[in-house]
Each structure stands twice: as structure tokens, then as C-alpha cells.
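In what follows, a single structure is set out as C-alpha cells and then discussed.
The values are calculated or read from the model by the stated rules, or taken from the named source; none is laboratory data. From a predicted model like this one, the values you see are computed outputs, not experimental measurements. Virtual Cβ from ideal backbone geometry, glycine too; neighbours counted across all protein chains shown. Ligands, DNA and RNA are excluded from the accessible area calculation, which covers all protein heavy atoms including side chains. Shrake-Rupley method; radii C 1.70, N 1.55, O 1.52, S 1.80 Å.
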Amino acid sequence: MIAIGCDHAGVEMKKAVKEYLTEKGFELKDLGTDGEPCDYPDMAEKLCGEINSGNCEKGILICGTGIGMSIAANKIKGIRAALCSDSFSTKYTRLHNDANVMCMGARTLGPGLASELAEIFLTTEFEGGRHQRRVDLITALENK
């Protein structure tokens, strides 16, 4: 199960990404918003709670630039959120960082690219190996 959420700036992009991923066979849990104004830190907290509780494996957050969502999500213990705007970075944040949340900007990306990036994020597996040690170091930082 993949959680997806946005603030009011990301509604249209969320709809496009959701439609694309559903057609590809992904099961999504839409956490809103559907147009009503909301604050991106609240949405980030809600979505990350779904991941930390085990209800969802990964998450996709969308706001105007993706920056606010990524900052907010990374404040939550157990979350490794990455701002994704190109295919290379999106692939490698999964391969090397085991990111569990991707953030995107509805005002900086088109819906086609955003949909393709979401698919890359969701289908790329973590390599582990030497990268696991680094992810463990990140986890140690959040436990200080």
C-alpha cells in the first residue's frame, strides 16, 4: 500500500499521479486533500504516520515546490524523504538512501514527469550493502 497526499497546491498533480499509478497496478491510500486548504506540515505528519504505523510501505507528498513537504516529513523519526525532480536522483534516492517518502512540486513539474518519477521511486529497490551502513548512520543521527 502506497500513501499519497498533498496540500491544496498539489491537488491536480495528485489526481494525475494517482490515476497513472492505479493504471500500473499500484494500490494507493489517498489521504487528501481534495481541494480544501490545508497546511503541508499537517499532511506530511499524517502520511508519515501511515508509514511508521506499517499501514503503508512508502509515500508520495505533493505541495507547490515539494520543499516544504520534504522539510516537514524529514522531521518525523523513521522517515527519509527526498525531493524528487529528475529520474536520476529519484532512482538513486531509493538505491542508496532507501528513501521511504518522495516529495514533488506541483508548480515545478508537469503531471507526466511526476507520474514517471513516482513509478521509478516505487519500483526501485534499495541496494543495501555499503549503503546500509550509511542509512544506519542517518538513523543514528535522528536518535541523538
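Restricting the GluC sites (Glu not before Pro) of the range 1-90 to loop positions (DSSP other than H, G, I, E, B) with no more than 13 neighbouring Cβ atoms within 10 Å leaves Glu27, Glu57.
Every pair of different Cα atoms in the range 50-105 enters the Kirkwood calculation, which places the hydrodynamic radius at 11.2 Å. Taking amide H positions as modeled 1.01 Å from N, with prolines and chain starts lacking one, the residues under 5 Å from Cys6 and 5 or more places away or on another chain are Gly32, Thr33, Ile62.
Within the shell defined by Cβ-Cβ distances under 14 Å, the residues around Tyr40 carry a net charge of -1, with Lys and Arg each +1 and Asp and Glu each -1. Normalised by 2.2 N^0.38 Å, where N is the number of residues, the C-alpha radius of gyration of the chain stands at 0.96. Just how far, in whole angstrom, is the range 121-144 from the range 24-93 if you go by their alpha carbon centroids? Cα centroid of the range 24-93 versus Cα centroid of the range 121-144: 17 Å apart. Rolling a 1.4 angstrom probe over the protein heavy atoms with all chains in place gives the chain an accessible area of 50 Å² per residue. Close amide H partners of Leu83, meaning residues 5 or more places away or on another chain with modelled amide H under 5 Å apart, are Cys103.
Net charge of the neighbourhood of Glu12, taken over other residues with C-beta under 13 Å away and scored Lys/Arg +1, Asp/Glu -1, is +1. Count Lys and Arg as plus one, Asp and Glu as minus one, and take only other residues whose Cβ is under 11 Å from that of Leu95; the net charge is then -1. Dipole magnitude for the range 5-144: about 560 debye, using +1 per Lys or Arg Cβ and -1 per Asp or Glu Cβ, origin at the Cα centre. Taking the Cα atoms of the range 105-144, the ratio Rg/Rh between the radius of gyration and the Kirkwood radius comes to 1.20. The value of relative contact order for the chain, using C-alpha pairs under 8 Å at least six residues apart, is 25 percent.
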